[in-house]
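Notes follow the structure.
Quick note: the coordinates plus some simple rules give every number you see, no bench work behind them. Everything quoted here is computed from the prediction, not taken from an experiment. Here the Cβ positions follow ideal geometry from the backbone for every residue, glycine too, while neighbour counts run over all protein chains shown.
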Amino acid sequence: MSNYILFSLISFALSILFSMGGAGAGIAIIPILNFLGVGFLPARAIGLFAGASSTITSSIMNIKRKVVDFSFMIPIALTLLLFAPLGAYSSKFINENIAKFLFMILLFYSATMMLYGKKKAIFKNDSKAILYIVGATVGFVSGVLGVGGGNILIPLLILLGFDPKKVAVTVSFVVPFSTLSSFFTYISYVKIDWILLLCISLSAIIGGYIGNYLMEFKLKPKDIKKIMALILYILAFKLLFHFI
């Protein structure tokens, strides 16, 4: 019982912080669960559901606001929804140490992009074909690692020359649904502690709602992202020590 309370508090705090920074907390919840004794595969499945739970409200809000560009969104949505479950299924054939190593790289990448990522394009691009390629690649990789993929997708699309605002809105709309599709694939072969899943998901939903509310007080996103990046760096180095 005490473990469920601890995990719920961790999920709650991280969901507040990460939703204030415009991201899902799953990327941080997964390694913390694993460090605290939850298997890496179940941790990924639980982290996926928690991340989707805390961010799906933003998807609904974006539809109501009519700010989603469906012509831009559809190629990304289709490929993510197809390839994320494929990656999730493939993960059961990947050695756990390899998966952890790849996850560590993702943590370093995400933290570095939060601190130093530039919102300037390297290329000028408006090709729909690129959206299909990027969506398929990121969908598969995110499925394997058990993350939503937003941390990979947003900076990559911006670097490829797509409008940052359009990218942010589209990714926040699509990722929760692709994340759920990966989750349902994971639970087809992973044994889940459903009480733990419920505790973490409920706390993630509440924390995500509070974080979105706190954003209205014009807190500085740069300061929030510095804290988020610090957490991800700590988790990445903790994983690195696993290989030393």
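Points worth noting:
- Qualifying positions in segment 158-208 - acidic (Asp, Glu) and within 19 Å of Tyr4 (Cβ to Cβ): Asp193
- Selection from segment 150-168 of residues that are aliphatic (A, V, I, L, M) and either in contact with a Pro (Cβ under 7 Å, 6 or more places away or on another chain) or under 19 Å from Tyr132 (Cβ atoms) (or both): Ile152, Leu153, Ile154, Leu156, Leu157, Ile158, Leu159, Leu160, Val167
- When residues of segment 153-164 are limited to those that are over 18 Å from the mean Cα position of the chain (by Cα) and within 14 Å of Met73 (Cβ to Cβ), the one surrounded by the fewest Cβ atoms within 10 Å (Cβ to Cβ): Asp163
- Lone unmet requirement of (1) closer than 20 Å to Ala23 by Cβ; (2) over 16 Å from the mean Cα position of the chain (by Cα); (3) part of a helix (DSSP H, G or I) for Ala129: (1)
- Within segment 166-182, one or more residues are free of Cβ contacts under 8 Å to residues at least 40 places away in the same chain, farther than 19 Å from Leu9 by Cβ and out of contact with any Cys (no Cβ under 6 Å at 6 or more places or on another chain).
- The lone exception for Ser142 - which of (1) of a type in the set (Gly, Ala, Ser); (2) farther than 19 Å from Leu14 by Cβ; (3) in contact with a Gly (Cβ under 8 Å, 6 or more places away or on another chain) it fails: (2)
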